[in-house]
Structures are given as C-alpha cells and as structure tokens.
C-alpha cells in the first residue's frame, strides 16, 4: 500500500474521526513495529465490544502488532466473537460467513497473486475454534491440501462463545457446556498434529501469556506461508465468560493449564521452512 | 458504576508488562520521555489483568464516574 | 496467456462478424468464457454442469483463463469465488441443482458484499430420491437472494447472456452478482447451431476500482476502522443500516434494468403479443411453447408468446401491460411449485385468467401437446 | 423437407448412440439443414440402456428434450426390445404413422403380436440390418456398429448424403476438440488405436456405411395374419 493513499486531504482533518487521524499519524504501516513497541503507536485494533479480560481480544491485539507487513496484509475472519472485533481493524479484512474463511482466503490469495505478481500481499485467515476445527474444517484442511500460501490462525477459546457458550471440538474432554450437558464425550481435536501430517510447513501452538514468543510464531506463520505453503498457528485464549472465571485470571488460567499438562506450547517446522526461517532471522540480526 | 484501572504514578517503572497483557487496544500508553505508562480510563473495561501482572503494584482497579 | 484483442462490449455483442457452429450448451459456455477475459475460474463437479467447467479447465490450459482449480464443495467454491472477487479479479464458476442448494448460504452474502461474480446455474432437480434430471425448482429458492437472474432458452442465449452478465454485473451502479440459468441437459447437452464471435477478441478487463465497495487488496484505505460498529447490535442504527443496505442491493438490481434493455434488448421478448391467449414462459419452456403455438396455428388457433429473459429484476410493468387485453395467460413450467406462475399472478391485474401450468417435473420433457391442450381449452 | 423428422436411437452404453447422433446431426447441418442433437439425460454406464435423439428440419427447431413422437426409431441392440433395456416403455409408443424402424439384428426378432399389430396399424416400415456383423467384418471392430446403423439409415431414407457422413466422420474423429464424457473419450481412444491414421478410420467406416446401406432389408408386416412377417425383397 502506498502510504499517501490514506493521508487525509488538507482541510478535512477536523471532520475525520479521531481514531482515523491517529491511525494516519501514528499507525504502524511501513514502520516495522512489533509487540515490544506496543503502547507507543496507534494500534491496528480499535475499541471493540468483547468482554473484559477476553483472552481472544488480547491475542488478536498481539497478533495484529506482530504482522510483519501490515500495510500489505489482508485478513479473512469468520463468524464468532472475533467477528465483533474485526470491523475495528485497520487492515482490509473480510467477514464472509461461518467457517468459510480458508476458502475465501484461497480465492483472495490467488487473486492478489494475479494482480500483484511482484508484490507481497499476505493473506491471513484468523478465526475461532468453531470456525476452524468444526464447521470450517473441510475448507481449512483443503486449503492445506492444495498448498495455498495462506496463514491460518485459530483463536482457540475452547467453546462457541459468541452463541452463548456451547461445546466445540476444541473443548477439553469432560467439559460441561451447552450442548454437552453431561460433559464433552471426546478429546480436544489435535489440529496442530493434523496440520503437521497434512503438510503444513510450519505449525505452532502458543498463547498470549508469552507475548514475544507469540509474536515470533505469528511472524513465522506468515513468512513461511508467503514463501513455502500453508501454515497453522493455534493460539490458546481462555474465555472468562463461558468458562466462568474472573476476568483478571485469563493469563493465570493459561499457566495453570500448562502446569497441568493440558496445554503445551510447541512448534513443528519442516526442514524447508527451517532453512527459510534461519535465513530470514539471521538476515534480520 | 464503571470500573477502570488507576495508576499510581510513582510506582511505575515502565516495564510495559501491563501493556502486553491488556485485551483492550490503545488503553495503556507508554511515554518514551518519562518512561512510564499512562491509562486511558475511558477505554478501560476494568478486567484487572494488568493489576495481576504489575510487579510494582502500581495498578489498582477503582470505580470511576457513576 | 493467449493474446486477444480487447474490444468494446458493444462491438463484441452487436457488430463483430459471427461464425455459426454446431455445439452443445456446455460448449457455448466455453466459447463465452473464452471471450470474457476471465481471470479466475473455480470448479466443482455436479451433473449436468460438470462438462462446462471441464471446458473452462481447457481454457486455462490453452491460456484464456489465468487461474483455475477445483474446490472441495460448492459452498467452499462459492466462498473462494467471493474471496477472488473481493481481491479484484473477474471470476467465474458454475453449479446446478443440489450444488446450488449446498452453496445456498453464499448467494445472499455475494449480493450483500456486492461482488460482481457471474455464475452459471445448470438447473436440475433437488429432491430425494436422487434425480439428475432437468427441473427449474432451484430458481424458486434463488428468487430472493438479491442476485440478478437471467434464464437462457437456448445455447445461443447462454452464450450471449454470460458475456453480457459480466458487463452488467460490473457496472458501478449495479455491481452485484449475476446468475445465468440454463436448464440442465435441455440446454447443456443439446447440440445446436450457435453464432459466436471470433476467438481473437475479448471483453475489456474488470476494473476493481470502479467498485462501489472497497477492493480487499490494501491498495486503498481500510475504511472500516471505526469505534463500536453496528454489526450484530440491537439498536436503531443497526436496524437502519441493515435495512437500508438490503434496499440498496434491491436498488442495484433495479438499476440493472436499463443495462438489460441496452444489452439484452429488454427483460422480455414477445411474439404475436396482441393474441387473446398469451403464453408466458422462461428457459426451455419457451421452446416447447413455440412448438405448441406452431401446432395451434395449424389448427387455426391464435396464441402469442412472452419470453421472460430476466427473472430478477422481474419485468413487472411489461407483464402488467402485455396481459391487460389477454383473455388467458398460460404459464408452462419445468417445476412443481410454479414459481414463475406466482410471480406473474402477483403482477397481472386480473390474475384469475392466469393458468398455472402445464408443469412437468422429475426430469420429463414437456410435450408441446400439453401446452397445446391448454391453448385449445382456453380458446373455447 | 418441410416437416421435422425426429429420430430416437436406442442402444446399450458403449454402442455409440450418442456418437451416431452427433455424426448424423453434424452431417445434416453440413447439408444446410437445421438439426438438434441431445442424449437421454441419465448417468449412462457401459451396457446400461442408452438413448439419443436427433431432430432434423429445413426450418428452425424449437422443441427440446427427449423425442416423444419419433418418425424413426433405430435400435442398436436386440436387448433393447427383447430384454426391455430401454427408457421408453411400452417401446413403440409415440411412433408416428408411416414411422420407420431400423433394428440391428441378423434375423427378425420375435416381436410380440401386440407390437406387430400396433406397428401394422401405424403402417410402420420395419428394417433389419446385421450392423454389428458388418462392423466386425469390414472395420474389424464392433465399435463401428453405430456407423453401420447410420449406413442403414442412409440405405432406407434420403435424410443425408454419404458425402456428408464422411465429412462429419472426419470432423468427429480428426477435427477440432469437442465435448465428450470420459467414457466416450476412452472408447474414442480404443477406436482410434485400431487405425494407423484418421483417414484410414474414416475410409474403413465409410466402407461400413456403404455395406450397411446395401444390407438393410425391409420386412413386411402381414396385416391379415397379425404377428407374422415376410421379407420384402
């Protein structure tokens, strides 16, 4: 994106919303900013209607700050809590329907390749666990099978939160939620391992409890997708509302699950991806 | 009654941990000049996550307005 | 890519020297896409559509289409098509029958997102037990999705309507999807003479920046950056925003009328419209009606014909006027529900004179004699 | 030719009813006539019933779909009638007065009394042709049965010239790409593999056409003794 495009025309400063003015003057486009710089620039996410203490909102905020190329990134979202936040995101983003984010992203990425063969346009699918592992699983998996150059990020709050707290494929076994009144009967879907098996070049599981490692994962997810093929990042973002804990406990919950062994940060990197990352990360130093 | 976090200016060392844990964008700002954090109370939802992480106990939830 | 000369749509539609070839409807679709300057096509097999997208695959190999792949199901394909269109390319796909219904959620979303997608629908039965036979019932479901709907009678119609659909769909004041419906088998698998343009010419490319909604390419301002947006809210602003947007989609289809007049020569075509008995039909029911009218003529009976080419927008005014003097209006259809009859009844002033039928469904070919029987009955 | 001629071709999947219709349709259009061609709308499989339709006229043809009232019925395999391997039952329903039947069989089939009575009432003309035998002898492949049937049609009617059939054959097997199902394409490959060149394929099949046009024989339906036949020539 040419930065001149979104500059405010002289004489219109006063009628543009404050948030937009701030974004133009202090936004992160083309500045190579990251998570460490948070608090010093206008974030790509604007005030959103998600719950206090929302792990998903926190994750989304960190993910957006980690984008390696925000001025040329297009996000495809899906229905769910995150779809309430996306209208306030300062990069182009599409909400089409529930679960079809990876299909939309496939068409979009190929279209952008046709239109901008010389330019890098990152397409990132960011959706909840219901959209990624349940209703949209076929489209997620097929985008991987087809080796689409798109980064898939799951915001895993282990429930259908937006519809009122129903059990999802990513809920841990035994969890009592709506539609699993006697407790969930089968284990959490091991999508990272499935992603690895079907050939995602980079697969990672992270959480907002560790912002800088998460940033690294987000960047790797996008950079490998750009150059090699599909990548998958699963971000554990507990939901205080539906799992009924206090908003200030969101990060403590992650740490507790880590201690219990029911949540584990991990990365699977193919040799090809490792080579690329070594080259890119060394080049940066 | 609305709850928001309040900062006790003197205690803040500018470690920015609170900024990294806040689910709300553009609430906690960092001033490079004074190396301290500032809170935009109008945008804070008072979840208290920052309170739990601050090593200096510089942040506390408080009620604001009516 | 194969080099083709870009020509004005008007030249391609009305002036270029056309060659007559003996081809099937599916092949006519291929010939249209060959000249439509399509960037991307996404396919998924379903009878009777599959052959059409096989042939578009050939165009990809030959270099007439720049990108092509098979998606995983119709809903996914239609979603990928939406993504491609939002990314600013001209994109094409085709489906039919159960495929249409499998993908159904996407069609109102296409219209709401104002993507100028062109999709061919090769209609077929959708009922259980399984049927792969021709039936236009899926069009009943599509009537209120917000997309523009053309109904082809012949392979020639299919060729012309597809090319014109791209031009109409991409008009900045329209910019909503256009579905070109052709009756499966009756059009897709029938070999007949079709006049086609030289292969060396094609339509001008799509200009995504003429879109009334932003292209999702980060080459323009991310305008949706706003505080507290109205999506999924229960408040007056939210209601007003959604209500006005729905009306805007409808208005976009209304604005398509003038372009349909210009390129398709109107929403309807008539023959002997002064006759006391009028047959109003769309798709291949028109062909069977022509045959029936010819048979009636041999018996000294006088019947006129109204062929509806555009189902959405619907030719309300045209039908109202045309039916004013008629004694009887016969609406033959290839479906059980009689959706066209209902549409017509809703605009004809004295709708007691509308005969709902004959209707055949389940795949049977409508014998022209059935329509003839109605003409005879109405003549008494 | 002012009136429209409607032809129904019934056979078994793989016998080439669709291809025969294609070749006939193209041939008639090459002669300046109007023609439409379409198959029966099913998921045809090898040896399952298969049907295709050709309409021929000197003026515009509007009617679409299956031919319900044929002037000519071509039966590519006896099982179509004897085992009821067809989509149209009762089989001869819809046949028009003075209609023509061309049946691929070395000898007359044991048609029911009912059928023969009906055909007699319609003044139908009944022809037999050993199409498969001719195909196997002349072209050395059963796959030319459909071409033999076209030869039979040429022998019986003046619908289309032999030259037009040749031109159409050449276009079908040597000309530009046309639409075919995967199974049809596979059979095309088998057929083509039997001949070194397309010209050879065309020549040999034209021999089939000639031979078949001469071999087709008319049988007379005796009206007095309903149900019996006698050879006409």
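Each reported figure results from applying straightforward, stated rules to the coordinates on display, with no laboratory input. All values reported here derive from a predicted model rather than from experimental measurement. Cβ placement follows ideal geometry from the backbone for every residue including glycine, while neighbour counts extend to all protein chains displayed.
Tell me, rounded to the nearest percent, the portion of alpha carbon pairs in segment C:268-379 spaced more than 25 Å apart. Please list the in-between numbers first.
Working: 639 of 6216 pairs.
Percentage above 25 Å: 10.
Based on alpha-carbon centroids, what's the gap between segment A:184-227 and segment A:90-142 in Å, whole number please?
16
Can you give me the angle between helix C:368-379 and the longest principal axis of chain C, using Cα atoms only, in degrees from 0 to 90, rounded to the nearest 10?
60
With N residues in segment D:5-220, what two-decimal value do you get for its Cα radius of gyration over 2.2 N^0.38 Å?
Numbers: Rg = 16.0 Å, N = 216, 2.2 N^0.38 = 17.0 Å.
Normalised by 2.2 N^0.38 Å, the Cα Rg of segment D:5-220 equals 0.94.
What shape does segment D:24-66 have by the C-alpha gyration tensor, where a ≥ b ≥ c are the square roots of the eigenvalues, rounded means a/c under 1.5, and otherwise prolate means a/b greater than b/c and oblate the rest? Display every interim value, and only then the final one.
Working: a/c = 4.51, a/b = 2.06, b/c = 2.19.
In terms of gyration-tensor shape, oblate.
Looking at chain D, send over the antiparallel percent of its DSSP beta bridges, to the nearest 5. Intermediate values should be presented prior to the final figure.
Details: 21 of 34 bridges.
Antiparallel: roughly 60 percent of the beta bridges in chain D.
Based on the inverse mean of 1/r over its pairs of different Cα atoms, what is the Kirkwood hydrodynamic radius of segment D:1-116, in Å? Could you put the intermediate results ahead of the total?
Values: mean 1/r = 0.0688 Å⁻¹.
The Cα-based Kirkwood calculation yields 14.5 Å.
Averaged over every viewing direction, what's the projected area of the C-alpha convex hull for chain C? Give it in nm², one decimal, please. If you can, show how the numbers build up before the last one.
On the way: hull surface 80.2 nm².
The orientation-averaged projected area of the Cα hull of chain C comes to 20.1 nm².
To the nearest 0.05, what FRET efficiency results for residue A:116 and residue C:201 with a Förster distance of 41 Å applied to their C-beta separation? Intermediate results must be reported in sequence, preceding the final value.
Working: r = 27 Å, r/R0 = 0.66.
About 0.90, to the nearest 0.05.
Please tell me the relative contact order of chain D in percent, rounded to the nearest whole number, where contacts are Cα pairs under 8 Å and at least six residues apart. Before the final figure, lay out each step's value.
Values: 466 pairs, mean separation 47.9, N = 233.
RCO, chain D: 21 percent.
Please determine, in degrees from 0 to 90 and to the nearest 10, the orientation of helix C:284-298 with respect to the longest principal axis defined by the Cα atoms of chain C, where the helix direction is its Cα long axis.
Taking the Cα atoms of chain C, the angle to C:284-298 is about 20 degrees.
I want to verify a result. In a Gaussian network model of chain C, Cα cutoff 10 Å, which of these has the top mean-square fluctuation: C:355, C:174, C:331?
C:355
Could you list the residues of segment A:92-108 with an amide nitrogen less than 19 Å from a label point located 7 Å from the Cα of residue C:233 in the Cα-to-C-beta direction?
Under 19 Å, as judged by backbone N against the label point of residue C:233, lie A:95 of segment A:92-108.
To the nearest 0.05, how large is the calculated FRET efficiency for residue D:203 and residue C:16 if R₀ is 30 Å and r is the Cβ-Cβ distance? Could the numbers behind the result be given before it?
Values: r = 38 Å, r/R0 = 1.28.
That gives a FRET efficiency of 0.20.
Let me make sure I get this right: for segment A:187-277, a, b and c are the square roots of the gyration tensor eigenvalues over alpha carbons, sorted descending. Under 1.5 in a/c it's rounded, otherwise prolate if a/b > b/c, else oblate. Which is it? Walk me through the numbers before you get to the answer.
On the way: a/c = 2.62, a/b = 1.96, b/c = 1.34.
The shape class here is prolate.
For residue A:260 and residue A:40, what is the calculated FRET efficiency with R₀ set at 35 Å and r taken between the beta-carbons, to the nearest 0.05? Numbers along the way, then the final one.
On the way: r = 36 Å, r/R0 = 1.03.
Efficiency at R0 = 35 Å is approximately 0.45.
Distance from the Cα centre of segment D:35-91 to that of segment B:19-34, in angstrom?
Measuring centre to centre over Cα atoms gives 77 Å.
Restricting everything to alpha-carbon atoms, can you work out Rg to Rh for chain A with a Kirkwood hydrodynamic radius?
On the way: Rg = 18.5 Å, Rh = 19.2 Å.
Checking Rg against Rh, the ratio lands at 0.96.
Where Rh denotes the Kirkwood radius from the mean inverse Cα pair distance, what is Rg over Rh for segment A:56-143? Show your work: numbers first, answer last.
Values: Rg = 12.6 Å, Rh = 13.2 Å.
Using only Cα positions, Rg/Rh for segment A:56-143 is 0.96.
Dividing the alpha-carbon radius of gyration of segment C:193-352 by 2.2 N^0.38 Å (N being the number of residues), what value is obtained? Could the numbers behind the result be given before it?
Details: Rg = 22.2 Å, N = 160, 2.2 N^0.38 = 15.1 Å.
Ratio of Rg to 2.2 N^0.38 Å for segment C:193-352: 1.46.
Over the whole of D:54-65, what's the average partner chain Cβ count within 10 Å per residue? Rounded to a whole number, please.
6
Calculate for the protein assembly as shown the 222 nm mean residue ellipticity that helices alone would give, adding -39,500 (n - 2.57) per DSSP H run of length 4 or more and normalising by residue count, nearest 500 deg cm²/dmol.
On the way: 31 runs with 334 residues, N = 964.
Rounded to the nearest 500, the figure is -10500 deg cm²/dmol.
Over its Cα atoms, what ratio of radius of gyration to 2.2 N^0.38 Å does segment C:5-210 give?
On the way: Rg = 15.4 Å, N = 206, 2.2 N^0.38 = 16.7 Å.
Dividing the Cα radius of gyration by 2.2 N^0.38 Å gives 0.93.
Where both residues lie in the protein assembly as shown, what percent of DSSP beta bridges are antiparallel, nearest 5?
Values: 52 of 124 bridges.
In the protein assembly as shown, DSSP labels about 40 percent of beta bridges as antiparallel.
Tell me, what is the Rg over Rh of segment D:75-148, with Rh the Kirkwood radius over Cα pairs?
Details: Rg = 13.2 Å, Rh = 13.1 Å.
Value, to two decimals: 1.01.
Rounded, prolate or oblate for segment C:116-177? Axes are the square roots of the Cα gyration tensor eigenvalues, ordered a ≥ b ≥ c, and the cut-off for rounded is a/c under 1.5.
Working: a/c = 3.27, a/b = 1.68, b/c = 1.95.
Cα axes put segment C:116-177 in the oblate bin.
Which whole-angstrom value gives the distance between the alpha carbon centres of segment C:107-122 and segment A:241-255?
Taking the Cα centre of each part, segment C:107-122 and segment A:241-255 sit 42 Å apart.
Using a Gaussian network model of chain C whose springs link C-alpha atoms within less than 10 Å, name the residue from C:32, C:285, C:199 with the highest mean-square fluctuation.
Judging by the Gaussian network model, the answer is C:199.
Can you pull the percent of Cα pairs in chain B with separation above 18 Å?
Details: 558 of 2145 pairs.
Of the Cα pairs, 26 percent sit more than 18 Å apart.
Compute the angle between helix D:17-30 and the longest alpha-carbon principal axis of chain D, please, reported from 0 to 90 degrees and rounded to the nearest 10.
Once rounded, the angle reads 80 degrees.
In vacuo Debye scattering of segment A:69-218, one point per C-alpha: log10 I(q)/I(0) at q = 0.14, 0.16, 0.18 Å⁻¹?
Those come out to -0.70, -0.90, -1.13, one per q.
Under a no-solvent Debye model with one identical scatterer per Cα of segment C:265-315, what's log10 I(q)/I(0) at q = 0.16, 0.27 Å⁻¹?
At q = 0.16, 0.27 Å⁻¹ the computed log10 ratios are -0.43, -1.01.
So what is the relative contact order of chain C, in percent, for Cα pairs below 8 Å that sit 6 or more residues apart? Please report the intermediate quantities before stating the final value.
On the way: 798 pairs, mean separation 70.5, N = 380.
Reported relative contact order: 19 percent.
Which length gain, in nm to one decimal place, applies between residue C:130 and residue C:62 when the Cα-Cα distance is subtracted from 0.36 nm times their residue separation?
Details: separation 68, 0.36 × 68 = 24.48 nm, distance 3.57 nm.
Gain on extension, residue C:130 to residue C:62, equals 20.9 nm.
Using the C-alpha gyration tensor of the protein assembly as shown, what are the square roots of 5 times its eigenvalues, in whole angstrom, with the largest one first? Provide the component values of the computation, followed by the final result.
Working: eigenvalues 847, 182, 123 Å².
After scaling each eigenvalue by five and taking roots: 65, 30, 25 Å.
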